[in-house]
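Student: Dumping the structure here so I can ask a few things about it.
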Amino acid sequence: MATDETAAPAPATEKLRRGITGLLLFAFILGDVLGAGIYALMGVLAGEVGGMLWAPLAVALLLALLTAGSYAELVTKYPRAGGAAVFAERAFKSPVVSFLVGFSMLAAGVVSAAGLALAFAGDYFATFVDLPPIPVAMAFLVLVGALNARGIRESMGANLVMTAVELSGLVIVVAVVAAMLASGGGEPSRVAELPEGAGLAAAVLGGAIVAYYSFVGFETSANVIEEVRNPSRDYPRALFASLVTAGVVYVLVGLASAIALPASELVESSGPLLDVVEASGVAVPSWLFSLIALVAVANGALLTMIMSSRLAYGMADQGLLPDVLAVVLPNRRTPWVAIAATTVVAVLLTLVGDLGTLAETVVLLL
């Protein structure tokens with residue numbers, strides 16, 4: 001039988017299905033990078049750089065690409081589920097260090113998924129159906145777990161659709177400001193304005209540190225590498241292409257925000273991009289942004305649970321967690337025990353009921 005000579009050699013003990021193509025991996029990373037952060041970030045950045053919102057976003061992209069270079073090398077050199085735990089083991093040759101690193105990442109992922117589920121069940125969901133948040137969050141996580149166990153291609157297909165919806169929200173912001181500019185509105189000169197008394201280099205660098213937050217998330221892709229069809233070829237391409245795509249969109253959103261509103265108004269806004277759309281004068285239904293935000297949160301939860309279950313599987317495969325977590329479904333070839341375990345823990349964590357507490361816990365674990 002003919003084989004693809006460009007494909008990375010599969011381990012003899014390969015158990016997971018290699019169902020992730022280059023396009024699906026691109027969507028996975030892009031969906032993880034795009035998120036609710038950018039919707040609130042413009043106000044914070046405006047306080048740092050005034051109207052030059054695009055500059056720190058461009059610098060942050062360059063910083064993210066440097067980190068991505070390290071991930072591209074590590075992931076293609078050690079193409080195993082387990083991500084940070086695998087890298088720590090290779091670096092320090094210590095099971096204890098590898099366990100601590102991997103377990104902290106695993107716990108952060110599960111806690112984050114619980115927080116995202118509560119966010120999903122909150123105000124955005126109530127826009128359409130008013131139900132108690134905790135039961136909705138629990139049911140949502142069970143559905144995510146079922147999709148996760150169904151198959152990696154099915155999960156990636158859902159992510160592809162949701163990522164397109166996430167991206168559309170940012171495209172809408174750029175498009176309505178472009179229409180505003182074409183009709184003679186807006187103020188393009190604001191894109192070069194700094195806060196009074198601020199130095200260019202210091203302001204842009206300070207803003208870039210904040211803007212870097214909008215690019216985090218790509219590192220979770222290391223945990224699905226065993227399910228990528230051609231890791232050595234597809235991973236670097238998908239990683240860099242997704243970051244550049246996000247960076248270009250972010251820079252355009254930064255330009256649009258400065259053109260539409262002065263920095264002083266962006267700083268005071270709790271929903272700056274919604275205010276930008278309103279300032280454009282283009283009628284966009286308020287429920288549309290609620291739906292986009294709901295999809296963005298749902299996609300984040302799905303990707304986080306995929307990462308967490310694969311990390312648990314990878315750690316079990318390394319002997320750092322009980323062997324049972326490495327058991328896979330015979331036909332679907334998904335790590336169903338790891339998926340079930342991480343889903344149950346995330347469901348129980350929703351009983352905390354406080355999104356702020358869960359978010360603080362995630363930061364501590366990371």
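The values are calculated or read from the model by the stated rules, or taken from the named source; none is laboratory data. Since we're looking at a predicted model, the values are computed, not measured. As a convention, Cβ positions derive from the backbone with ideal geometry for all residues, glycine included, and neighbour counts pool all protein chains shown. Surface areas here come from the heavy atoms of the whole protein model, side chains and all, with no ligands, DNA or RNA. Shrake-Rupley method; radii C 1.70, N 1.55, O 1.52, S 1.80 Å.
Student: Given the structure, is V328 open to solvent by 10 Å² or more (accessible area, probe 1.4 Å), closer than 28 Å to P95 by Cβ, of a type outside the set (G, A, S) and in contact with a Leu (Cβ under 7 Å, 6 or more places away or on another chain)?
Tutor: Numbers: open to solvent by 10 Å² or more (accessible area, probe 1.4 Å): yes; closer than 28 Å to P95 by Cβ: yes; of a type outside the set (G, A, S): yes; in contact with a Leu (Cβ under 7 Å, 6 or more places away or on another chain): yes.
Answer is yes for this residue.
Student: Just to be sure before I move on: is N230 touching an Asp or Glu at 6+ places or on another chain (Cβ under 8 Å), open to solvent by less than 20 Å² (accessible area, probe 1.4 Å) and within 15 Å of F26 (Cα to Cα) in the structure I sent?
Tutor: Yes; evaluated as a whole, the condition is true for this residue.
Student: Follow-up question, since we're still on this one. Of the residues L364, L358, L349, which is within 25 Å of L118 (Cβ to Cβ) and open to solvent by 80 Å² or more (accessible area, probe 1.4 Å)?
Tutor: L364
Student: Quick check on A72: is it buried (at least 22 other Cβ atoms within 10 Å of the Cβ), part of a helix (DSSP H, G or I) and among the small types (G, A, S)?
Tutor: Against the criterion (buried (at least 22 other Cβ atoms within 10 Å of the Cβ), part of a helix (DSSP H, G or I) and among the small types (G, A, S)), A72 does not qualify.
Quick grid of which residues meet (1) free of Cβ contacts under 8 Å to residues at least 24 places away in the same chain; (2) surrounded by fewer than 24 Cβ atoms within 10 Å (Cβ to Cβ):
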position: A202; (1), (2): yes, yes
position: A208; (1), (2): no, yes
position: Y213; (1), (2): no, yes
position: S221; (1), (2): no, no
position: I225; (1), (2): no, no
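Student: Hey, could you check the stretch 98-140 for residues that are among the β-branched types (V, I, T) and open to solvent by 50 Å² or more (accessible area, probe 1.4 Å) and say which is farthest from the chain's Cα centre (by Cα)?
Tutor: Restricting to residues being among the β-branched types (V, I, T) and open to solvent by 50 Å² or more (accessible area, probe 1.4 Å), the top hit is V129.
Student: I want to confirm something. Restricting to the stretch 114-132 and keeping residues that are outside any loop (DSSP other than H, G, I, E, B) and touching a Leu at 6+ places or on another chain (Cβ under 8 Å), which single residue is nearest to A293 (Cα to Cα)?
Tutor: Y124
Student: Based on what the data block shows, is T304 part of a loop (DSSP other than H, G, I, E, B) and under 24 Å from the mean Cα position of the chain (by Cα)?
Tutor: no
Student: Among the numbered criteria (1) open to solvent by less than 40 Å² (accessible area, probe 1.4 Å); (2) in a helix (DSSP H, G or I); (3) not basic (K, R), which single criterion is violated by A81?
Tutor: Result: A81 fails condition (2) only.
Student: Where the second residue is hydroxyl-bearing (S, T, Y) and open to solvent by less than 50 Å² (accessible area, probe 1.4 Å) and the first is over 19 Å from V297 (Cβ atoms) and lies in the stretch 167-183, which pairs have Cβ atoms under 7 Å and are six or more apart or on separate chains?
Tutor: From the stretch 167-183, the pairs are V176/S280; V177/S280; A179/S280; M180/S280.
Student: If you check L325 against the conditions, is it assigned to a helix (DSSP H, G or I), under 17 Å from R153 (Cα atoms), modelled with pLDDT of 90 or more and in contact with a Phe, Trp or Tyr (Cβ under 8 Å, 6 or more places away or on another chain)?
Tutor: no
Student: All but one of (1) farther than 25 Å from L25 by Cβ; (2) surrounded by 17 or more Cβ atoms within 10 Å (Cβ to Cβ) hold for M305; which doesn't?
Tutor: With (1) farther than 25 Å from L25 by Cβ; (2) surrounded by 17 or more Cβ atoms within 10 Å (Cβ to Cβ) applied to M305, the lone miss is (1).
Student: Right, something else. List, please: which pairs have Cβ atoms under 7 Å, are six or more places apart or on different chains, and start with a residue in the stretch 346-366 that is under 21 Å from D123 (Cα atoms) and in contact (Cβ under 8 Å) with a residue 40 or more places away in the chain and end with one that is in a helix (DSSP H, G or I) and not aliphatic (A, V, I, L, M)?
Tutor: Close Cβ pairs satisfying both conditions: L355/G115; L358/G115; A359/G115.
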